[in-house]
There are 2 protein chains.
Amino acid sequence: MTTIEARRSAHQFDLGPARALVCRECGNEVPLAAEFACAECFGPLEVGYDFGKITRAEIEAGPRSIWRYRNLLPVPSDVQEHPNTDPGLTRLVKADRLAAALGVRKLWVKDDTGNPTHSFKDRVVAVALAAARQLGFTVLACPSTGNLANAVAAAAARAGWESVVLIPSSLERAKVLTTAVYDGALIAVDGNYDDVNRLATELAADHEDWAFVNVNVRPYYAEGSKTLGYEVAEQLGWRLPQQIVVPVASGSQLTKVDKAFRELGELDLVEPTPYRVFGAQATGCSPVAAAFQAGHDVIQPVKPDTIARSLAIGAPADGPYVLDTVRRTGGSVEHVSDEEVVDAIRLLARTEGIFAETAGGVTVATAKKLIESGQLDPDAETVLLITGDGLKTLDAVEDKIGPRATVPPSSAAVREALGL
Amino acid sequence: MTTIEARRSAHQFDLGPARALVCRECGNEVPLAAEFACAECFGPLEVGYDFGKITRAEIEAGPRSIWRYRNLLPVPSDVQEHPNTDPGLTRLVKADRLAAALGVRKLWVKDDTGNPTHSFKDRVVAVALAAARQLGFTVLACPSTGNLANAVAAAAARAGWESVVLIPSSLERAKVLTTAVYDGALIAVDGNYDDVNRLATELAADHEDWAFVNVNVRPYYAEGSKTLGYEVAEQLGWRLPQQIVVPVASGSQLTKVDKAFRELGELDLVEPTPYRVFGAQATGCSPVAAAFQAGHDVIQPVKPDTIARSLAIGAPADGPYVLDTVRRTGGSVEHVSDEEVVDAIRLLARTEGIFAETAGGVTVATAKKLIESGQLDPDAETVLLITGDGLKTLDAVEDKIGPRATVPPSSAAVREALGL
């Protein structure tokens, strides 16, 4: 028995309130471990909890990061003592100018570009790292096409862990550089994202000390998205919004925000007021929106073709659970064109000074479409999740924007250019 | 009399604890106004205060942004009620791995990349906007070569103000795009930064409603840098570090961090323990380091030639005050080569998972040099200010980093590339 096996078999790990892994399909429970699929039915495993008494005051007195919610996550109670990127507690911006432009009464933007590597992926990776440390892993790994690669390489660097990050060799140079700078093992693979993903699954099976955050420790990793929901509620003054629009890639984030809202209600941390969850996709990769609109329960995979690459998952693992969530809460899933995405990036920037990546454009454009089609109530308080940074997807806007004018160095020329 | 003149002459503005503008050279005091140079001696004006009683508890109960320090800034007490970018309260990271690499005992990195547009400029611009609103301005403007342009355009968009941003037409496309997206009046000028700066001064004189943040409202703008000092002290548990390393462009930031530390001591918010302030410059633009090392009191202007463009001010306005500060506190000013800057960017990234712009590389490389030369005490607690984001200066590292290997899509190939 190796050291890792010995440690794992003795269950000497502390994962805080996490009780077991529970199959989302058949409900089978297994002990906490580095597992991700149910041995009974192959359904996805999710973390189940035994929460103790948790108070608002305790949370408010906690660290200024996601670790203030440590008693709601599968991480040890001393999690903040171990080096990690400590993301979260990003701004919730009251977006009055965007609200006016969209014709809604009360609108908030959750701006997750303030995270350490400027996307919400820092949240899920931080939780994955904390859990992986407990589970006996020593290498942090992922297949990725961008934000996740940045987050994994940065978190591993901070922790002093080795990282293995697999990317398609066609990835834009900027995304390669912002991962490579952290000096982990960044491997470019001559293939597409599906190839890279398949390699990750193979390698995870062969290397017992490699934690592929979104593969073999996925149940823990995914829980990190709950912190978006917790923060929104806390930042609203401990209440739930009436409507929330969430971008859909694998669909995990949307289901976890819903899970967070439900937990807060069950734990008496907020009034369990009704809320509606809406999913946002790009038309070029909208399998969940298509299933929703057709009234189907299963997702028909697609081949992605959209500028919103961070949402371009053609076979979204959590798609069926997204359908469950939006149907249960009275929401829906909509999709928007790439042109609408670019317009929405620009609308958000010019009204609120927030420069979102293409996924953020999908969220704002979808909100606009939902309002115009009457699906989203303009009088109900609404939150939009902006989960990544425009600096990483400059190519999406570069042909559309630039200086108003280029002038010789005289104040008269500047005034003329400004029409003064 | 125009509306603006009438308002200004009636002093109907609320700038919180700010009492007057005080000349740094001759001590002459003038009423708070949109002035920046002393009418008596042409010396620079600085904000003077009458602080009331301020407690730690009050600050801690304040907003999670620089506005928690509103009673220490030239802004109205209801500042957070007006739309602004609300920057600040960025991470103070305990940098044990970088400390080990540099051979020091206790090291912290203040990571200002988490601000809304990812540099410390959001702090100074937010204060400038708040003061400009009180002073009757209606347009936010600046000459800039990068971070400031982003911050001004974003803050104006958020506030619903017009912005006028002047840039040299040779500016890198990425920096142009990340300003243009906010849809203000971005004007490219066929000239260098000196030309752009001169135009700003001319235009400020002609347009009474344009607040050029770093020209005609500079005294207020500059005070925003104090918040870096306040945050470091609060995040250390209300105490001052023993040493701090600050990058030097105009020199304003360094002098304001010192001002913040002194104020906190005078107001009994911290023990007034001794601290040493160190300045960091790139060799290709090191007029302050040169003056310090030659024992001079005046700065000999230089023509900048360095990759650290955000520090490339050849005639730094606050240079003499930097010399005063470092001499008074027992610090020094050092300079480092562009090669050392790139190495330091990579060192910080691989040890702490923080990707800094070139200015951050200057700070880290300077700290290294100060330690190696015995100027910085390796046993004294030290803070490094990282004031901007590596995503904006990718060109500095792009020839040095990349994937470890590019391989065909097989796990055997990945393993071989990793030497396994």
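The values are calculated or read from the model by the stated rules, or taken from the named source; none is laboratory data. Nothing here was measured: the structure is a model prediction, and the numbers come from that model. Ideal geometry is used to build each Cβ from the backbone, glycine not excepted, and the neighbour counts take in all protein chains shown.
Summary of computed values
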| read-out | value |
| --- | --- |
| Subset of the range B:188-216 [facing another protein chain (nearest Cβ under 7 Å) and either in contact (Cβ under 8 Å) with a residue 24 or more places away in the chain or crowded, with 24+ Cβ neighbours inside 10 Å (or both)] | B:Val189, B:Asp195, B:Leu199, B:Leu203 |
| Tally, over the range B:152-171, of residues that are surrounded by 20 or more Cβ atoms within 10 Å (Cβ to Cβ), outside any helix (DSSP H, G or I) and of a type outside the set (A, V, I, L, M, F, W, C) | 1 |
| Qualifying residue in the range B:128-148 (condition: within 20 Å of B:Ser310 (Cβ to Cβ) and within 10 Å of chain A (Cβ to nearest Cβ)) | no |
| Condition broken by A:Val245, with the remaining ones in (1) outside any helix (DSSP H, G or I); (2) surrounded by fewer than 23 Cβ atoms within 10 Å (Cβ to Cβ); (3) at pLDDT 95 or above satisfied | (2) |
| Helices (runs of 4 or more DSSP H) completely within the range B:302-412 that count 2 or more residues being modelled with pLDDT of 95 or more, in contact with a Lys or Arg (Cβ under 7 Å, 6 or more places away or on another chain) and within 14 Å of chain A (Cβ to nearest Cβ) | B:338-352 |
| Candidate set from the range B:338-364 (those that are touching a residue at least 60 places away in the same chain (Cβ under 8 Å) and of a type in the set (A, V, I, L, M)); member that is surrounded by the most Cβ atoms within 10 Å (Cβ to Cβ) | B:Val362 |
| The range A:172-184 - residue that is touching a residue at least 60 places away in the same chain (Cβ under 8 Å) and within 8 Å of chain B (Cβ to nearest Cβ) and, of those, surrounded by the most Cβ atoms within 10 Å (Cβ to Cβ) | A:Thr178 |
| Long-range neighbours under 7 Å by Cβ, at least six apart or interchain, first residue within 15 Å of B:Gly16 (Cα to Cα) within the range B:69-86, second acidic (Asp, Glu) and outside any loop (DSSP other than H, G, I, E, B) | B:Leu72/B:Glu263; B:Leu73/B:Glu223; B:Pro74/B:Glu223 |
| Exclusive hit being of a type in the set (A, V, I, L, M) and surrounded by fewer than 24 Cβ atoms within 10 Å (Cβ to Cβ), set A:Ala308, A:Ala260 | A:Ala260 |
| Matching entry among A:Ala131, A:Ala126 (being modelled with pLDDT of 95 or more, more than 20 Å from A:Asp389 (Cβ to Cβ), crowded, with 24+ Cβ neighbours inside 10 Å and within 18 Å of the chain's Cα centre (by Cα)) | A:Ala131 |
| The range A:357-366, residues that are over 15 Å from A:Ala101 (Cβ atoms) and among the hydrophobic types (A, V, I, L, M, F, W, C) | A:Ala359, A:Val362 |
| Spans of strands (runs of 3 or more DSSP E) in the range A:22-113 with at least 1 residues within 21 Å of the chain's Cα centre (by Cα), modelled with pLDDT of 95 or more and surrounded by fewer than 20 Cβ atoms within 10 Å (Cβ to Cβ) | A:45-49, A:91-94 |
| Residue within the range A:221-234 that is closer than 20 Å to A:Leu370 by Cβ and over 15 Å from the mean Cα position of the chain (by Cα) present | no |
| Residue check for A:Asp111: without any contact (Cβ under 8 Å) to a residue 40 or more places away in the chain and either within 20 Å of A:Pro87 (Cβ to Cβ) or out of contact with any Lys or Arg (no Cβ under 8 Å at 6 or more places or on another chain) (or both) | no |
| Enumeration of residues in the range B:152-175 that are touching a strand residue (DSSP E or B) at 6+ places or on another chain (Cβ under 7 Å) and at pLDDT 95 or above | B:Val152, B:Ala153, B:Ala155, B:Ala156, B:Trp161, B:Glu162, B:Ser163, B:Val164, B:Val165, B:Leu166, B:Ile167 |
| Residue match in the range A:322-330 (condition: in contact with a helix residue (DSSP H, G or I) (Cβ under 9 Å, 6 or more places away or on another chain) and basic (Lys, Arg)) | yes |
| Matching residues, the range B:90-100, being within 11 Å of another protein chain (Cβ to nearest Cβ) and either over 17 Å from A:His118 (Cβ atoms) or among the acidic types (Asp, Glu) (or both) | B:Leu92, B:Lys94, B:Ala95, B:Asp96, B:Arg97, B:Leu98, B:Ala100 |
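Yes/no matrix, rows are residues, columns are (1) farther than 28 Å from A:Arg68 by Cα; (2) touching a helix residue (DSSP H, G or I) at 6+ places or on another chain (Cβ under 9 Å); (3) of a type in the set (Lys, Arg):
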residue	(1), (2), (3)
A:Asn115	no, yes, no
A:Arg123	no, yes, yes
A:Leu129	no, yes, no
A:Gly146	no, yes, no
A:Leu186	yes, yes, no
